[in-house]
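> This structure is in structure tokens; I'll ask about it shortly.
The values are calculated or read from the model by the stated rules, or taken from the named source; none is laboratory data. Just so it is clear, the model here is predicted, and its values are computed rather than measured. Cβ sites come from the backbone with ideal geometry, for glycine too, and all protein chains shown count toward neighbours.
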Amino acid sequence: MDIPRLHPDTIEQVRQRADIVDVVSEHVVLRKLGKDFTGLCPFHDDKTPSFTVSPSKQFYYCFSCGAGGNAIKFLMELGKHSFSEVVLDLAKRYQVSVQTLEPAQRQELQRQLSVREQLHEILALTARFFEHALNQPQGKAALEYLTAQRKLSATTIQQFQLGYAPAGWETLFGYLVEQKHYPVELVEQAGLIVPRKGSTGSYYDRFRDRLMIPIHDLQGRVVGFGGRSLGDEQPKYLNSPETELFDKGNILFALDKARAAIAKQDQAVVVEGYFDVIALHSAGITNVVASMGTALSLAQVRQLLRYTESKRIVFNFDADRAGTQAAERAIGEVAALAYQGEVQLRILNIPTGKDPDEFLQTNTPAAYQQLLDDSPLWLDWQIQQAIAGHDLNQADQFQQSVQAIVKLLGNLPNSMLRTHYIQKCAELLSQGNSRLMRQLEDNLRLQVRGERWHGRSQKWQTSSERDLLEESEGQLLRLYLHKPLHRQAIVEALEARDLEFSLSHHRFLWRQILALKEAGFDVEADPSLDLMTLLQDRCTDFPSDMSKIYALFQLDETGDIDVLRSALVIRAAVASMEKVMCEKRRRHFISLWEKTDCATAFELGQFYYKKICAEEQRIQDLDRERQTTFEDLVQAPVLS
């Protein structure tokens, strides 16, 4: 609906009642610091807490990016909502009576607000109805299941408001519609009853003879239910349908109970099932939530990240095939964040193959906590999955594992981290054969480089950038060939900036150099090695490729001068190469950003925009570095 103009009295009441700490703490982990609170700013990539919230002034301010304002402005900026939308949401939250300047609009608004309030009321009453039914004779089997099989205490049953939906087809319908006189349309909107096919005005209960688990929002209000069958009825678990209050992709079960523990322990645990959460909370491990029986969404992960400074999240899904697939789907949702280090993701598969609830039946909470502490990083887990079930002595299965690993490592943006994992994977694949391990390490490195950016970025390259690459890459290779003492410096400069040769003929030459190193030639450390003769011998079988790089084996006047000013030329060349890569990435992210509907995918659009800004800043830094180096080159004496 169109947002009406709000009466100034309503706006003022919302301003007075909305508590800045209460509002901000739902989105930022706040720590007490004297009279104020501090945390990581949500409006920029904040590495150290620069964001301050003042309860006395009802004001927030970031000393790094300058963002500041009251509770209303905070929600407007964070969610890109209008002033009226934020005020309306806060009015509902703080139970402020809403007045508008147009009587007709006010009546429609009050009707809409009244519908939501009545839905909350109906769901809260239904939860109490199910709780009551659990303790009646008809709920005996459900209560015995909870206490005998699940071993849950009365306190835990009460804490999670567990209940029982009677077996009758119209029991809840009769209670809500006939006894409590709620409109049947609203009860249907709440997802509690279903219209009978072919019978106008006739309904039946959605949940029948099921153990009922209420699902709450962050304010602790019931928004839906999960129902577990007590017999053979399928599905085993039945959730409420999507309603105005219940959005499966944006709600995490028990987050209202877990968020304080997540912030305190600086870690969130995500499990598969309701009873895994309930069992862990009952055992005193309370930083645990579950998704709604669907694949974990990016929106749900971002909710969890609000409450943990370290951004540490552990996925503990079942160790069976379905659980492994669920973990892989969940990783797929957050892989971009994980590769960039924006989430410290870990995966826990309980060794016995049990789920957390089963594990706690025979093990202590401390044993489960130890498993959490020892859980591997998501990439280590993914690597193990790539190898698991494959006979590495069979060529086809070995190659399948290698291809999966190369794809994983090719996405790692950090060169040191890639080197670490390349060595680790070579060790795993070699199965203890040290000689094979060294060969595999070099082979993996070559394949990972091929998986990296250059193969996916050619369409983002301009002709002027190709000219710049031709010059800068050619300078480095010429120096590498003619100046043995600078070879190690060139390799280190490329690795430090995570750079590779982009042009195909330059990559061809570099592969030949790497092949010589593979064959045992100490190319960088042995200045007496006749590298050019060795390369020319290797390239005789590739006359077409050789014709494109032959000029690098000769020195003209410019090449002679470059060789004599090697250190400065290396610095200028790598800066130029990095600038080209940054320009390509910037255009790539601009393209993605332009295709993104930021109204429906705000976080994704914001992510691309941040990437664009980061690339532009790096390009400016590189331009300054290139200018300084150019000036140094002009002034430098030509000395060997």
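Yes/no matrix, rows are residues, columns are (1) part of a helix (DSSP H, G or I); (2) buried (at least 21 other Cβ atoms within 10 Å of the Cβ):
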| position | (1), (2) |
| --- | --- |
| Glu473 | yes, yes |
| Arg478 | yes, yes |
| His486 | yes, no |
| Val491 | yes, no |
| Glu495 | yes, no |
| Ser502 | no, yes |
| Trp510 | yes, no |
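> Within the group Gln99, Gln13, which residue is surrounded by 14 or more Cβ atoms within 10 Å (Cβ to Cβ), touching an Asp or Glu at 6+ places or on another chain (Cβ under 9 Å) and farther than 29 Å from Lys610 by Cα?
Gln99
> Please report, ordered by residue number, the helices (runs of 4 or more DSSP H) entirely within the range 249-329 with at least 2 residues that are within 27 Å of Ala148 (Cα to Cα) and touching a strand residue (DSSP E or B) at 6+ places or on another chain (Cβ under 9 Å).
Working: elements: 255-265, 274-282, 298-305.
Because the criterion is at least 2 residues that are within 27 Å of Ala148 (Cα to Cα) and touching a strand residue (DSSP E or B) at 6+ places or on another chain (Cβ under 9 Å), the helices (runs of 4 or more DSSP H) in the range 249-329 that meet it are 255-265, 274-282.
> Can you confirm whether Tyr164 is at pLDDT 95 or above, in a helix (DSSP H, G or I) and either on the phi < 0 side of the Ramachandran plot or not aromatic (Phe, Trp, Tyr) (or both)?
Taking the combined requirement at face value, the residue does not satisfy it.
> For the range 216-232, what are the residues that are part of a strand (DSSP E or B) and surrounded by fewer than 24 Cβ atoms within 10 Å (Cβ to Cβ)?
His216, Val223, Gly226, Arg228, Ser229
> While we're on this one: Residue by residue through the range 111-146, note down the ones that are of a type in the set (D, E, K, R) and farther than 15 Å from Gly227 by Cβ.
To start, the set of residues in the range 111-146 that are of a type in the set (D, E, K, R) comprises 111, 116-117, 121, 128, 131, 140, 144.
Within the range 111-146, Arg111, Arg116, Glu117, Glu121, Arg128, Lys140, Glu144 meet the criteria.
> In the range 194-215, which residues are surrounded by fewer than 16 Cβ atoms within 10 Å (Cβ to Cβ) and in a loop (DSSP other than H, G, I, E, B)?
Arg196, Lys197, Gly198, Ser199, Thr200, Gly201, Ser202
> Next up: Looking only at the range 322-338, decide whether some residue is buried (at least 23 other Cβ atoms within 10 Å of the Cβ), free of Cβ contacts under 8 Å to residues at least 60 places away in the same chain, within 25 Å of Ser240 (Cβ to Cβ) and touching a helix residue (DSSP H, G or I) at 6+ places or on another chain (Cβ under 7 Å).
No, because not a single residue in the range 322-338 is buried (at least 23 other Cβ atoms within 10 Å of the Cβ), free of Cβ contacts under 8 Å to residues at least 60 places away in the same chain, within 25 Å of Ser240 (Cβ to Cβ) and touching a helix residue (DSSP H, G or I) at 6+ places or on another chain (Cβ under 7 Å).
> Could you look through the range 20-33, keep only residues that are in contact with a helix residue (DSSP H, G or I) (Cβ under 7 Å, 6 or more places away or on another chain) and of a type outside the set (Val, Ile, Thr), and pick out the one that is surrounded by the fewest Cβ atoms within 10 Å (Cβ to Cβ)?
Of everything passing the filter in the range 20-33, His27 is surrounded by the fewest Cβ atoms within 10 Å (Cβ to Cβ).
> Tell me, yes or no, whether the range 287-305 has at least one residue that is under 15 Å from Leu604 (Cα atoms), at pLDDT 85 or above and surrounded by 19 or more Cβ atoms within 10 Å (Cβ to Cβ).
Yes, that holds for at least one residue.
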